[in-house]
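Visitor: Here it is, the structure in full.
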Amino acid sequence: MQEANVKKLLWKINAALHGRRGEGYIDTAVLIIISVVIGGLLLTGLYALFNNVLLPGLAERIQDMFGSSGSGGTGGSGGIYFV
């Protein structure tokens, strides 16, 4: 009885070691391509968001914060001098 269990266990170990199942090269390549495409789409969306929505409003806010019209002098009401 015990010998049958040992043979069954050895057979399962042998089948696991010689098994051809698992992830193939094509699956990995498809996953990499999908990841690159999704990453590119995300970066494109973030680039458009920053350039069209966030940065133009940010420049106006900074100019309003320091009270200057962009002349570069000390004529603003902020009283801050940049060298």
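The values are calculated or read from the model by the stated rules, or taken from the named source; none is laboratory data. No experiment lies behind these values; they were computed from the predicted model shown. Note that we place each Cβ from the backbone using ideal geometry, even for glycine, and neighbour counts take in every protein chain shown.
Visitor: When L49 is evaluated against the numbered criteria (1) in a loop (DSSP other than H, G, I, E, B); (2) modelled with pLDDT of 70 or more, which criterion, by number, is the only one it fails?
Guide: That leaves (1) as the condition not met.
Visitor: Okay, next question. Does A59 satisfy the criteria of being exposed (fewer than 10 other Cβ atoms within 10 Å of the Cβ), assigned to a helix (DSSP H, G or I) and at pLDDT below 85?
Guide: no
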